[in-house]
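Visitor: Sharing a structure here in structure tokens format.
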Amino acid sequence: MTTRNESRSSDTRETKQRRTTFEEPNWLDIPESVKRRFASEDLALRWIRITLRNQEDYQNVGKRTAEGWEFVQADEVPEMLHSSDVREGGRYVGAVCRGDLALAKMPKELAESRQEFYENRSREMVDAVNAQLMNSSDSRMPISNQSRTQVSRGKQAKFQKD
């Protein structure tokens with residue numbers, strides 16, 4: 001009777017490559033190498049919706065381009081071409097797309113400034129609602145605000161497959 005060498009079996013290729021849990025791939029993940037390269041150039045990346053219900057979303061694209069977002073061209077991210085589409089016609093020629101989204105870039109300082117602006121705006125709106133709530137409080141029926149703000153993400157985006 002032969003005994004099995006445990007150290008040998010733990011070093012096999014199947015053991016190293018085996019996953020213990022299944023995770024559905026996120027189609028919106030940007031490869032780390034692409035993120036690092038754009039970060040080294042002080043650029044932020046983001047997916048922007050370009051179509052809505054099979055029609056071009058001019059309003060959203062116009063708003064995002066006015067904010068400073070520019071579409072990433074296929075030659076800038078060759079490592080993403082195997083998992084993304086490249087627009088060959090229309091307004092977004094050469095843009096890297098996944099479903100109804102296109103990859104866009106913006107200078108990092110501008111993106112951080114934009115994020116901070118919208119966070120402050122949201123905070124001010126919540127504070128204004130809370131102040132108005134407290135002003136309408138009556139001693140006969142006092143209002144106390146014990147709410148906490150918590151940010152959570154919804155379900156992952158799902159794309160229809162052709």
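Visitor: What list of ³J(HN,Hα) couplings, whole Hz, do you get for segment 121-135 from phi and the Karplus terms 6.51, -1.76, 1.60, once you set θ to phi - 60° and write x for glycine and proline?
Guide: 4, 5, 4, 4, 5, 5, 5, 5, 5, 5, 5, 5, 5, 5, 5
Visitor: State the volume of the convex hull built on the alpha-carbon positions of segment 24-107, expressed per residue in Å³ and rounded to an integer.
Guide: 95 Å³
Visitor: Please list, in order along segment 62-70, the HN-Hα scalar couplings obtained from phi with the Karplus expression 6.51 cos²θ - 1.76 cosθ + 1.60 (θ = phi - 60°), rounded to whole Hz, x for Gly and Pro.
Guide: x, 5, 5, 5, 5, 6, x, 6, 10
Visitor: So what are the ³J(HN,Hα) numbers for segment 95-112, from phi and the Karplus equation (6.51, -1.76, 1.60; θ = phi - 60°), rounded to whole Hz, Gly and Pro as x?
Guide: Couplings: 6, 7, 10, 9, x, 9, 10, 10, 6, 10, 10, 8, x, 4, 4, 5, 5, 5 Hz.
Visitor: May I ask you to order 60-69, 100-109 by the average number of other C-beta atoms within 10 Å around their residues, highest value first?
Guide: Top of the packing list down: 100-109, 60-69.
Throughout, read-outs are computed from the coordinates displayed, never taken from laboratory work. Note that the coordinates shown come from a computational prediction; the quantities given were computed from them, not determined experimentally. Glycine gets a Cβ as well: all are built from the backbone with ideal geometry, and neighbour counts include every protein chain shown.
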